Amino acid sequence: MFYFEVLCFSCKKTFRAYEGSLKYKQAKERKVKYFCCEECADKIRLEAILNFMSRIKRI
C-alpha cells in the first residue's frame, strides 16, 4: 500500500496519508499546502462546533 508522510500543521508530527484517502490525493497533487492529522482535525472540528453552539445560545 502506498502512502505519503506529511507534516501536521497543528501538532507538528509526521503522519501517513494512505492511498485512497482524500489527504493522499491532495498530497499527491499538492493542491493543499497544510495538512492536519486525524486527531487534530477532530479537535478543530469539535472546537468549531462548540464555538458555533455558544454563539447560538447568546441570541
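The values are calculated or read from the model by the stated rules, or taken from the named source; none is laboratory data. Owing to the predicted nature of the structure, the values given are computational and were not obtained by experimental measurement. Note: ideal-geometry Cβ built from the backbone for every residue, glycine included; neighbour counts use all protein chains shown. Heavy atoms of the whole protein, side chains included, go into the accessibility calculation; ligands, DNA and RNA do not. Shrake-Rupley method; radii C 1.70, N 1.55, O 1.52, S 1.80 Å.
Against the conditions (1) at pLDDT below 95; (2) open to solvent by 100 Å² or more (accessible area, probe 1.4 Å); (3) in contact with a Cys (Cβ under 8 Å, 6 or more places away or on another chain), LYS13 satisfies every one except (1). Taking every residue in region 29-41 that is without any contact (Cβ under 8 Å) to a residue 60 or more places away in the chain and pairing it with any residue that is of a type in the set (Val, Ile, Thr) and open to solvent by less than 100 Å² (accessible area, probe 1.4 Å), at least 6 positions away or on another chain, the pairs with Cβ-Cβ distances below 8 Å are PHE35/VAL6; CYS36/ILE44.
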